[in-house]
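The values are calculated or read from the model by the stated rules, or taken from the named source; none is laboratory data. Not measured: the values here are computed from a predicted model. Neighbour counts are summed over all protein chains in view; Cβ atoms, including those assigned to glycine, are modelled from backbone coordinates with ideal geometry. In case anyone asks, the SASA skips ligands and DNA or RNA and just uses the protein heavy atoms, side chains included. Shrake-Rupley method; radii C 1.70, N 1.55, O 1.52, S 1.80 Å.
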There are 2 protein chains.
Amino acid sequence: MLIQNVDVLVVPEAGECTVETAQDIHLDDTRITAVVPTGNRPGAGEVIDGRGLLAVPGLINSHTHSPMVLMRGAAEDLSIDDWFNRRIWPMEVNLTPERVRAGARLACAEMLLGGVTTFVDHYFHADQIAQAAIESGIRADLAPTYFSSLGAEGIDAAIATTRELATLHPRITAGLGPHATYTVSDDDLRRTADVARADGLRIHLHAAESDDQTQASLDKHQATPIEILDRTGVLDAGALIAHGCGIRAADLPILERHAGRTTVATCPKVYLKLAMGEVTPIKQLQAAKIRVGIGTDGAAVHNTLDVWEAIRLVALTQKHREDDAEWMTLSDTIRLATRGSAAAANQPDTLGALEPGRQADIALLDLSGPHNQPLHDPRAALVYSVRPSDVTTVLVAGQVVVRDRQLTTLDLAETLAEARAIAHTLTDLSRGGAVQHYNP
Amino acid sequence: MLIQNVDVLVVPEAGECTVETAQDIHLDDTRITAVVPTGNRPGAGEVIDGRGLLAVPGLINSHTHSPMVLMRGAAEDLSIDDWFNRRIWPMEVNLTPERVRAGARLACAEMLLGGVTTFVDHYFHADQIAQAAIESGIRADLAPTYFSSLGAEGIDAAIATTRELATLHPRITAGLGPHATYTVSDDDLRRTADVARADGLRIHLHAAESDDQTQASLDKHQATPIEILDRTGVLDAGALIAHGCGIRAADLPILERHAGRTTVATCPKVYLKLAMGEVTPIKQLQAAKIRVGIGTDGAAVHNTLDVWEAIRLVALTQKHREDDAEWMTLSDTIRLATRGSAAAANQPDTLGALEPGRQADIALLDLSGPHNQPLHDPRAALVYSVRPSDVTTVLVAGQVVVRDRQLTTLDLAETLAEARAIAHTLTDLSRGGAVQHYNP
């Protein structure tokens with residue numbers, strides 16, 4: 001297959017991103033084989049006309065809970081305590097495999113249409129999420145969620161699911177999913193780290209989500225969440241840490257010792273909306289050699305799975321946080337969203353750049369709309385004005401999954417109807433109870 | 001004309017916003033005459049099928065510099081000093097009536113397609129902006145910009161333009177446009193206030209944009225920008241203050257004395273992007289009875305004229321600022337964006353609500369897309385997930401200006417081609433000089 005005569009976003013490991021105009025992207029079954037100046041068609045195979053379009057690495061949603069689209073807009077204007085204890089965890093009593101599957105299917109549809117080709121997920125019934133991902137054509141890294149409150153049996157089941165998913169399909173990878181340092185005991189984190197090391201699995205969990213959590217951890221355990229991850233072996237095994245807004249200066253040397261196997265996912269819309277006080281200290285993490293990716297978190301708080309929105313908010317909130325409009329430049333933001341998120345997806349060498357040998361996960365953008373014009377700098381458009389509706393074509397592993405802004409895999413009307421039909425079952429709190437209590 | 005069987009957003013002066021389903025909106029030439037449960041068609045006239053759509057008051061961009069779309073993406077990752085002194089004000093040496101007209105036309109296209117029916121503008125060659133607004137079908141409140149550095153002749157010309165525009169067209173209103181307290185002398189502000197009172201004109205200007213500006217004003221003039229507006233009579237005459245992030249506690253009683261004739265426009269994307277330190281203190285302003293509207297500012301910093309994006313960022317940044325996730329609720333955010341912005345547009349009784357007697361400025365939204373579904377709460381969709389591409393139909397003063405997501409007034413391809421053709425003329429700094437120097 002060939003994407004012909006397309007402009008290509010080039011994201012180097014350091015320095016300025018550029019756009020190479022009039023390129024051909026050659027693909028084999030699943031990978032990019034060459035990116036060269038446009039020329040004659042070399043042989044048989046499908047040709048996608050790229051004229052007037054910009055090819056970018058497919059976006060990566062580096063931390064989400066995809067089935068939570070079913071709760072979109074059902075938990076608004078709440079403190080983080082009430083959000084968890086009065087809405088989300090009581091609602092999650094209603095989760096069933098079928099409902100999770102339907103939610104994940106809708107999430108995959110939303111993400112693919114917006115140019116997202118990989119999502120890094122953390123949720124219950126992850127086997128169902130895998131099936132939705134496989135049928136939709138998206139790539140997914142899945143961590144089956146567990147709390148210590150589930151008991152040994154529940155944790156065993158989650159670990160068994162991880163092992164099954166890890167070999168299920170070429171587009172599915174899997175990690176271990178302890179929920180957080182405040183919902184999983186040190187003993188269970190130690191066991192998780194042991195399994196991770198033994199099986200070569202990565203751990204994906206929430207930690208130091210806010211400074212309030214860090215302070216609570218110090219008060220209760222005389223250790224920050226990062227110190228807990230260190231002493232339980234989680235950092236040594238390798239972890240994706242969601243949020244990390246409460247990472248303190250004293251945590252940075254600890255993280256730096258594990259830099260090669262630690263990544264952090266940042267989802268700033270959530271930190272603002274839940275008034276969590278701070279955003280992820282990306283500048284300090286990068287100084288400690290920790291790679292950072294960008295995600296949306298679940299739509300029960302982010303309301304969309306729009307990674308463009310998340311990218312934009314990273315640039316805006318980081319400039320604000322550092323009080324420096326020259327920080328988090330266009331190129332650095334794009335690098336976070338591509339190479340950084342590929343690292344957060346645990347696939348730093350196969351995703352996140354349009355280079356020979358990497359997976360053919362590609363989004364084609366039409367930047368001709370009035371909100372992007374005139375186009376003085378396409379990198380500025382990518383960070384500050386592009387919308388999901390500018391995505392015309394999406395490939396994952398060389399398969400066209402969105403063509404002319406339409407899904408080629410899922411039936412969108414059916415997917416929407418299914419989600420609408422079950423949405424009320426999630427918000428029904430008549431059964432009582434909750435999957436967990438938030439008291440970090 | 002009739003919009004039949006449509007859901008209607010109801011925004012009360014206080015309390016919860018609601019959605020009334022299955023309504024008919026009856027219009028005469030320019031105004032809403034009735035909003036009633038759907039029923040039989042009462043007579044002749046065009047019928048717009050509203051089934052499955054949500055009608056909302058047309059959005060109001062309560063502070064912008066529309067022709068600056070021509071500089072979109074041309075001034076990135078810069079401190080506010082460099083943004084003004086190294087890019088924007090040197091570029092503005094290149095402004096001509098023709099270029100301003102072309103930029104304003106593109107801006108009107110972008111805004112109308114995103115559901116914006118009114119913009120409150122502050123720029124040079126405002127007569128050209130008026131012509132673009134008239135031909136596009138949008139409503140505009142225009143303030144011709146002036147600095148004291150233009151001299152008496154330049155200021156006279158700007159005031160004369162205001163007077164001409166004020167009677168030009170039913171969809172055009174005009175105000176006086178001194179640039180800011182730091183670029184217009186106290187004497188010129190006094191003269192502006194005198195003209196405003198004598199002619200019944202409103203003043204639209206920048207003031208207390210950041211706390212740095214407020215401190216600089218105290219250091220240089222022993223007065224805050226708000227105190228300068230007070231002592232020069234600007235507040236007494238009536239003003240729309242753009243930004244006001246640097247409004248201090250001591251300024252609030254001064255503003256409260258002029259509450260009925262003072263409004264503030266907030267554009268938070270800009271405050272984050274330029275690292276201005278703080279966002280507008282809306283909670284404190286509202287406590288002082290000052291009405292606040294929402295805007296984008298110019299696209300040379302905001303990159304889009306997407307008022308949905310601005311609305312979302314107001315909710316997010318206000319929760320963050322006040323450290324309170326329960327503050328700036330869905331209903332309060334929507335009220336700012338509608339009734340608040342109508343007040344900022346100096347038309348509090350004619351715009352901003354879908355009520356009999358008000359202007360028929362209406363946007364119809366299709367919320368059936370995957371990023372809005374399931375729709376547990378349409379108000380949450382309006383604040384946190386709607387995109388400009390969800391706007392299907394737009395009416396201004398009863399005229400359909402967007403139908404099936406297409407402009408009925410401007411030729412979009414021609415408008416884009418024109419803007420692209422001249423974009424390079426704006427960024428050409430070979431002439432040297434600048435329209436002003438930033439040193440507040």
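At a glance:
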{"quantity": "Yes/no for B:Thr64 being among the hydroxyl-bearing types (Ser, Thr, Tyr) and open to solvent by 40 Å² or more (accessible area, probe 1.4 Å)", "calculated": "no"}
{"quantity": "Pick from region B:137-156, criterion surrounded by fewer than 24 Cβ atoms within 10 Å (Cβ to Cβ) and touching a residue at least 12 places away in the same chain (Cβ under 8 Å), ranking: nearest to B:Ala345 (Cα to Cα)", "calculated": "B:Gly137"}
{"quantity": "Pairs where the first residue, in region B:73-98, is within 11 Å of chain A (Cβ to nearest Cβ) and free of Cβ contacts under 8 Å to residues at least 60 places away in the same chain and the second is surrounded by fewer than 21 Cβ atoms within 10 Å (Cβ to Cβ) and not aliphatic (A, V, I, L, M), C-beta under 6 Å, 6+ apart", "calculated": "B:Asp77/A:Glu326; B:Asp77/A:Thr329"}
{"quantity": "Those residues of region B:160-178 which are surrounded by fewer than 20 Cβ atoms within 10 Å (Cβ to Cβ) and either assigned to a helix (DSSP H, G or I) or out of contact with any helix residue (DSSP H, G or I) (no Cβ under 7 Å at 6 or more places or on another chain) (or both), in sequence order", "calculated": "B:Ala160, B:Arg163, B:Glu164, B:Ala166, B:Thr167, B:Pro170"}
{"quantity": "Selection count where residues are assigned to a helix (DSSP H, G or I), charged (D, E, K, R) and buried (at least 24 other Cβ atoms within 10 Å of the Cβ), scope region A:100-136", "calculated": "2"}
{"quantity": "Breaking point among (1) touching a Phe, Trp or Tyr at 6+ places or on another chain (Cβ under 8 Å); (2) outside any loop (DSSP other than H, G, I, E, B); (3) not hydroxyl-bearing (Ser, Thr, Tyr), for A:Cys245", "calculated": "(2)"}
{"quantity": "Tally of residues being assigned to a helix (DSSP H, G or I) and open to solvent by less than 10 Å² (accessible area, probe 1.4 Å) across region A:69-91", "calculated": "6"}
{"quantity": "Condition check for B:Lys319: of a type in the set (Lys, Arg), open to solvent by less than 10 Å² (accessible area, probe 1.4 Å) and within 17 Å of the chain's Cα centre (by Cα)", "calculated": "no"}
{"quantity": "Residues located in region A:203-223, provided they are without any contact (Cβ under 8 Å) to a residue 24 or more places away in the chain and small (Gly, Ala, Ser)", "calculated": "A:Ala223"}
{"quantity": "Filtered residues of region A:150-196 (kept if more than 30 Å from A:Gly137 (Cα to Cα) and of a type in the set (D, E, K, R))", "calculated": "A:Glu153, A:Asp186, A:Asp187, A:Asp188, A:Arg190, A:Arg191, A:Asp194"}
{"quantity": "Among (1) within 25 Å of B:Ala74 (Cβ to Cβ); (2) in a strand (DSSP E or B) - the single one B:Gly277 does not satisfy", "calculated": "(2)"}
{"quantity": "Any hit, region B:395-406, residues being surrounded by fewer than 16 Cβ atoms within 10 Å (Cβ to Cβ), among the small types (Gly, Ala, Ser) and within 20 Å of B:Gly115 (Cβ to Cβ)", "calculated": "no"}
{"quantity": "Residue in region A:337-356 that is within 13 Å of chain B (Cβ to nearest Cβ) and polar (S, T, N, Q) present", "calculated": "no"}
{"quantity": "Members of region B:182-227 that are assigned to a strand (DSSP E or B) and either of a type in the set (A, V, I, L, M) or surrounded by fewer than 21 Cβ atoms within 10 Å (Cβ to Cβ) (or both)", "calculated": "B:Ile203, B:Leu205, B:Ala207"}
{"quantity": "Region B:322-346, subset in contact with a strand residue (DSSP E or B) (Cβ under 7 Å, 6 or more places away or on another chain) and not aliphatic (A, V, I, L, M), residue most open to solvent (accessible area, probe 1.4 Å)", "calculated": "B:Asn346"}
{"quantity": "Boolean, B:Lys289 is surrounded by fewer than 20 Cβ atoms within 10 Å (Cβ to Cβ) and part of a helix (DSSP H, G or I)", "calculated": "no"}
{"quantity": "Subset of region B:40-61 that is closer than 25 Å to B:Gly340 by Cβ and either modelled with pLDDT under 95 or over 21 Å from the mean Cα position of the chain (by Cα) (or both) - its residue that is least open to solvent (accessible area, probe 1.4 Å)", "calculated": "B:Leu54"}
{"quantity": "Answer from B:Glu355, B:Glu414, B:Glu418 - the residue that is open to solvent by 50 Å² or more (accessible area, probe 1.4 Å), within 30 Å of B:Phe84 (Cα to Cα) and not aliphatic (A, V, I, L, M)", "calculated": "B:Glu418"}
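Residues are listed down the side, and each one gets a yes or a no for (1) over 19 Å from A:Ser368 (Cα atoms); (2) at the interface with another protein chain (Cβ under 9 Å from one of its Cβ atoms); (3) at pLDDT below 95:
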residue: B:Arg358; (1), (2), (3): yes, no, no
residue: B:Leu364; (1), (2), (3): yes, no, no
residue: B:Asp377; (1), (2), (3): yes, yes, no
residue: B:Ser385; (1), (2), (3): yes, yes, no
residue: B:Val391; (1), (2), (3): no, no, no
residue: B:Leu395; (1), (2), (3): yes, no, no
residue: B:Leu407; (1), (2), (3): no, no, no
residue: B:Ala419; (1), (2), (3): no, yes, no
residue: B:Ala423; (1), (2), (3): no, yes, no
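Okay, residues lined up against (1) more than 22 Å from the chain's Cα centre (by Cα); (2) under 29 Å from A:Ala193 (Cα atoms):
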{"residue": "A:His26", "(1), (2)": "yes, no"}
{"residue": "A:Thr30", "(1), (2)": "no, no"}
{"residue": "A:Val35", "(1), (2)": "yes, no"}
{"residue": "A:Asn94", "(1), (2)": "yes, no"}
{"residue": "A:Ala102", "(1), (2)": "no, no"}
{"residue": "A:Phe124", "(1), (2)": "no, yes"}
{"residue": "A:Leu142", "(1), (2)": "no, yes"}
